[in-house]
């Protein structure tokens, strides 16, 4: 492991995790407070005043998707090594094994320099959050020069904590069931995308890409072109 990444693993502490897991059937937005010792303080032993940097922002976890290696092998955004791994799964007969795909977006909000060390600052923020019962808010102590990696460590842990519950909810709803290589969750999502396109809330190209990635465009093409025709006539 890269020494820098090892440093993050050893020095990132989730002081106050969110009290809410990632929603299985909706977007989840969590506010984070990432507290670090300033890099200038770590390298300057003569800097005697204790200070901390607090980075505040939000992470939006999109609605989790049930996917298969077949789907991912058609989707864009994966490098050569990832593609080879997916192909190996397909060769082993695992092309249609379902898994949960989580997608995140980070939106930094503000950065402040405050007095006291990171432990004291993090504890103070956590107490305030608990007092105000803000369930979807987290406090993290991280590494200043690699704060975004510390944030990813938090996201990874939060995902792991949510996975079992999300999987159970998908299973109970029948969305994990696979029919002809396609999870029921994918068809439910495609139906919802058709509705959004019809209402003008979604670019048709996104629906087209989803159908192509699942290898379902031929099956849905009549419905797809019908929706496009309806959109044009309503303009």
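Taking all Cα pairs closer than 8 Å and separated by 6 or more residues, the relative contact order of the stretch 179-229 comes to 35 percent. Residues 129, 90, 140, 113, arranged from fewest to most other Cβ atoms within 10 angstrom of their Cβ, appear as 113, 90, 129, 140.
When 188, 35 are ordered from fewest to most other Cβ atoms inside 10 Å of their Cβ, what list results? Mind showing how you got there, number by number?
On the way: 188 15, 35 30.
Fewest-to-most ranking of 188, 35: 188, 35.
Among 220, 40, 104, 32, sorting on how many other beta-carbon atoms sit within 10 Å of each Cβ, with the fewest leading, yields 40, 104, 220, 32. In the chain, the longest principal axis of the Cα atoms and the axis of helix 118-131 are about 60 degrees apart. Extension gain, residue 39 to residue 25: 0.36 nm times the residue separation minus the Cα-Cα distance gives 1.0 nm. Pairs of Cα atoms nearer than 8 Å and 6+ residues apart set the relative contact order; for the stretch 65-186 it is 29 percent.
Sorted on the mean count of surrounding Cβ atoms within 10 Å across their residues, most packed first, peptides 200-208, 117-125 read 117-125, 200-208.
Figure the gain on full extension for residue 201 and residue 105 (residue separation times 0.36 nm, minus the Cα-Cα span) and round it to one decimal in nm. Numbers along the way, then the final one.
On the way: separation 96, 0.36 × 96 = 34.56 nm, distance 1.99 nm.
Full-extension gain reported as 32.6 nm.
How far is helix 184-198 tilted, in degrees, relative to the longest principal axis of the Cα atoms in the chain, given as a value from 0 to 90 rounded to the nearest 10? Compared with the principal axis, the helix lies near 80 degrees.
In degrees from 0 to 90, rounded to the nearest 10, what is the angle of the helix 147-173 Cα long axis to the longest principal axis of the chain? Tilt of helix 147-173: around 40 degrees. For a paramagnetic label modelled at 7 Å from the Cα of residue 58 toward its Cβ, which residues of the stretch 138-164 fall within the zone defined by backbone nitrogen distances under 13 Å? So the set is empty, nothing qualifies.
How much length is gained on full extension from residue 171 to residue 113, taking 0.36 nm per residue of separation minus their Cα-Cα distance?
Numbers: separation 58, 0.36 × 58 = 20.88 nm, distance 4.58 nm.
Taking 0.36 nm per residue and subtracting the Cα distance, the gain is 16.3 nm.
Report relative contact order for the chain in percent, whole number only (criteria: Cα-Cα under 8 Å, sequence separation at least 6). Working shown, then result.
Details: 340 pairs, mean separation 63.9, N = 235.
Averaging sequence separation for qualifying contacts and normalising by length gives 27 percent for the chain.
Computed from the coordinates by the stated procedures, all read-outs in this text should not be read as laboratory data. Everything numeric here is computed off the predicted structure, so don't read it as measured data. All Cβ positions, even for glycine, are placed from backbone atoms using ideal geometry, and neighbour counts span all protein chains on display.
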